[in-house]
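Single-structure report; data block below.
The values are calculated or read from the model by the stated rules, or taken from the named source; none is laboratory data. From a predicted model like this one, the values you see are computed outputs, not experimental measurements. Cβ: placed from backbone, ideal geometry, glycine included. Neighbour counts: every protein chain shown. Ligands, DNA and RNA are stripped out before the accessible areas are found, and what is left, the full protein with its side chains, is counted by its heavy atoms. Shrake-Rupley method; radii C 1.70, N 1.55, O 1.52, S 1.80 Å.
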Amino acid sequence: MAREKVLVTSALPYANGNIHLGHLSGAYLPADIYVRYKRLNGDDVVYVCGSDEHGVPITVTADKEKITPKEVVDKFHEANKKAFQNFGMTFDVYSRTSIPVHHSTAQEFFKCFYDQGLLVEKKSMQFFDEKVNKFLPDRYVEGTCPKCGNEEARSDECEKCGSLYDPTELKNPKSKMTGETPVWKETSHWYFPLGKFQERLEKYVNEMDANYKWKDNVLQYCRGWFNEVLKDRAITRDLDWGVKVPLEDVQNKVLYVWFEAVLGYISAAKELSELRGEPELWKKYWQDKYTKYIAFIGKDNVVFHTIIFPAILMAWNDANETKYCLPQNVPANEFLNFEGKKFSKSRGWGIDVREFLELFPADTLRYTLGANLPEGKDTDFFWKEFQSRTNGELADILGNFVNRTFTFAHKHFEGKVPLRGTLAKIDEDILEYLKEVPVKAAELIERYKIKDAIFEMMNLARAGNKYFNDSEPWKSSKTNKEQCASTINICLNIIYTLAEIFEPVIPFTSAKIFDMLNAKPTQWLNSGKTNLVEGNILNEPQILFAKLEDKIIEEQINKLPQVIDLAATEAVEEITIDEFKRVKLKVGKIIAAENVKKSDRLLKLQIDLGTEKRQLVAGIAKSYNPEDLIGKKILMVANLKPAKLFGIESQGMVLALDTHEEGKVRLIEIDEAIELGKTAK
RNA sequence: GGCGAGGUAGCUCAGUUGGUCAGAGCAGUGGAAUCAUAAUCCACGUGUCGGGGGUUCAAGUCCCUCCCUCGCUACCA
């Protein structure tokens, strides 16, 4: 297969806060997995990203903390760069939009459009805060709604009554920055005529979709915009923090962030060129029509990458000899929520990357997020899921397969890759399957179905365990050493393939496995076929994933702000009194209790209901010792359909409550004075 | 209000162009095995595919309508 030249970008994170898990799921982890896969596949890849460091919110943060905007962005740029690094992101460069090369790049684009006469200058009136000498965006002006009198209305709309109006109609306007009354002042801005490009943009999107199959959600967003007809968009702003408008007689105006930030992808590549001492490097990617440019983003960014950025590039290409390539695909993801709700920094809901990685290894997070990417719709990060994926999949299925194989090889084959002898049907089958997995995973990743690809990867580990079980090498080691050797040889080769195909997802672990195997990665598509050298000396196995105990997970859950969730209480389905009356709850006394043989959680109880006796089986062995139960008065469901558990008939059910301790319950005990057989109502 | 997305097994989610599509993983129950981080493997799902109507020989899969959740709504990044 011919090597592809691939340019990959991930949305530039805004340097006004720490990145959290949601950001990773949206635009960073999928891109990194894609890029790592491409590199293993032998493709020629450049992956760039960086901090987006301009815009009003940053100046607001600076004012609030009484520091300069520069200090704000320095702080978050470094913090996020570090967090990404710890997470295992492999950007070729993590740039930033405050560097000179970015300013000059953005200005170059502006000048190009200005000189062509493409930009439209429009005058307008805007609120101006004289105290800080700044024009105010709508969201920083508050006042009384002209329609309903709400005193906290925004300058152009009232959230309370939902009406929209012209900012001149707003009564008693106040600047949210200073509380001062803003004045009404004229300003002028340059507008980019998006509408002129609409037809070509629609054609572009349709063609890309036809050739490269864009995601449905992305196409939907585009259609939404096209349906409303693209309008001129202002690309300048009255502000002093940002890229200066490169015109002599213009002061205190900067390029608006949406126009300038996307160009950061280009300046980042330029910075990479400088760092590598190859000034022309960036052109080899950005200005080669054979480049496959893939932009990874979250759904909030679709319009900028499928409409605005392409329009900017088209406008440039129209006027210049040098032509930039447009995104070939924009695999936007939906959002990751956190324990059922949106991430919210202000409400303390969620966890940021730095904090997370101080507690848990990056690979466990990469795997959990990867296995649950919001590719088709929003998904959730749940602590409990993180625990079960780590313990049940990474440790039990993958980690244990590696461990049992290595332990076996060391015990029975002196820690060397044993010889593969004559193959049985079971061996042929697994080898055949082994060859298919990298191919299948590659197809899925190429289609940006990364979640599915990860599932296929873990399935190989599952298959490895099954093969190990079915082959029973612990038996053949005594009866047929040659066959045993073949089995372990094949298991080790499965591990070799696992190390390769899992590299994009859990790179730190992959490196450990390669080290244990004393082997190097191969070319992706060969990874199921290339075999370990027989006799190769294996290193000592190490535990790849430690289990996460309940305690540490509970700790994280308990840290979350307690919110009274009205929705959850209301969501309980209502029943009528008659329906409730169908359940007969009776008071009984436990007169005998014993453990159920071969079960670690069931107890067999004899209950005295006064008029009759019942036998029931209850799953409370982890919470109570049989002898402690004798004599307790409890409440039971007396008309539950009998069922057999472990061959023992259970004629009812005792009522118990969950406790804060996982798996432990507490029986509802009844006051000693209550007579046996009484019915609850 | 408008636009968009989603409502599928206890939980988290898959389900291309309508016809083995009623699924996977987890949880649960039973069993096998013991090399291994008590880790593995096998077997077991009577789900009104949000409700109601319609098109069709045939609909989670198309149309209409209603209910619920979420996102966007342009000078916001």
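Before moving on, here are some points about what is shown:
- Test: residue in the stretch A:335-345 that is out of contact with any Leu (no Cβ under 9 Å at 6 or more places or on another chain), closer than 25 Å to A:ASN301 by Cβ, of a type in the set (Gly, Ala, Ser) and surrounded by 19 or more Cβ atoms within 10 Å (Cβ to Cβ): no
- Selection of the stretch A:43-66 for residues being at pLDDT below 95 and either open to solvent by 20 Å² or more (accessible area, probe 1.4 Å) or assigned by TED's automatic domain parsing to the domain that holds A:ILE445 (or both) yields A:PRO57, A:VAL60, A:THR61, A:ASP63, A:LYS64, A:GLU65, A:LYS66.
- Residues that are touching a helix residue (DSSP H, G or I) at 6+ places or on another chain (Cβ under 6 Å) and more than 10 Å from RNA strand B (Cβ to nearest atom), drawn from the stretch A:43-67: A:VAL45, A:VAL46, A:TYR47, A:VAL48, A:GLY50, A:SER51, A:THR61, A:ALA62
- Scan of the stretch A:495-515 for residues that are touching a residue at least 60 places away in the same chain (Cβ under 8 Å) and either crowded, with 23+ Cβ neighbours inside 10 Å or within 20 Å of A:ALA463 (Cβ to Cβ) (or both), ordered by number: A:ILE495, A:THR497, A:LEU498, A:GLU500, A:ILE501, A:PHE502, A:GLU503, A:PRO504, A:VAL505, A:ILE506, A:THR509, A:ILE513
Every residue, every condition in (1) more than 25 Å from A:GLU393 (Cα to Cα); (2) part of a loop (DSSP other than H, G, I, E, B); (3) open to solvent by less than 40 Å² (accessible area, probe 1.4 Å), yes or no:
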{"site": "A:ALA295", "(1), (2), (3)": "yes, no, yes"}
{"site": "A:VAL303", "(1), (2), (3)": "yes, no, yes"}
{"site": "A:ILE308", "(1), (2), (3)": "yes, no, yes"}
{"site": "A:THR322", "(1), (2), (3)": "yes, yes, no"}
{"site": "A:PHE356", "(1), (2), (3)": "no, no, yes"}
{"site": "A:ASP363", "(1), (2), (3)": "no, no, yes"}
{"site": "A:ARG366", "(1), (2), (3)": "no, no, yes"}
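- Checking A:ASP288 against (1) closer than 15 Å to A:VAL101 by Cα; (2) acidic (Asp, Glu); (3) surrounded by fewer than 20 Cβ atoms within 10 Å (Cβ to Cβ), the condition it does not meet: (1)
- Residue in the stretch A:93-107 that is assigned to a loop (DSSP other than H, G, I, E, B), away from RNA strand B (no atom under 14 Å from the Cβ) and surrounded by 14 or more Cβ atoms within 10 Å (Cβ to Cβ) present: yes
- Candidate set from the stretch A:1-27 (those that are in contact with a Ser or Thr (Cβ under 7 Å, 6 or more places away or on another chain) and either under 16 Å from A:ALA268 (Cα atoms) or open to solvent by 10 Å² or more (accessible area, probe 1.4 Å) (or both)); member that is farthest from RNA strand B (Cβ to nearest atom): A:LYS5
- Residue check for A:LYS622: of a type outside the set (A, V, I, L, M, F, W, C), more than 30 Å from A:PHE356 (Cα to Cα) and either more than 14 Å from RNA strand B (Cβ to nearest atom) or modelled with pLDDT of 70 or more (or both): no
- If you go through the stretch A:324-354 and keep only what is basic (Lys, Arg) and part of a loop (DSSP other than H, G, I, E, B), you end up with A:LYS342, A:LYS345, A:ARG347.
- All positions within the stretch A:379-396 that are surrounded by fewer than 19 Cβ atoms within 10 Å (Cβ to Cβ), near RNA strand B (Cβ under 6 Å from one of its atoms) and either among the hydrophobic types (A, V, I, L, M, F, W, C) or modelled with pLDDT under 90 (or both): A:ASP380
- The listed residue being under 29 Å from A:LYS123 (Cβ atoms), near RNA strand B (Cβ under 10 Å from one of its atoms) and open to solvent by 20 Å² or more (accessible area, probe 1.4 Å), out of A:ASP249, A:ASP240, A:ASP232: A:ASP232
- Some residue of the stretch A:186-198 being open to solvent by 40 Å² or more (accessible area, probe 1.4 Å) and away from RNA strand B (no atom under 15 Å from the Cβ): no
- Hits in the stretch A:275-333 - residues which are of a type in the set (Phe, Trp, Tyr) and within 16 Å of RNA strand B (Cβ to nearest atom): A:PHE304, A:PHE309
- With respect to the conditions (1) in contact with a helix residue (DSSP H, G or I) (Cβ under 8 Å, 6 or more places away or on another chain); (2) free of Cβ contacts under 8 Å to residues at least 12 places away in the same chain, A:GLU432 falls short on a single one, namely (1).
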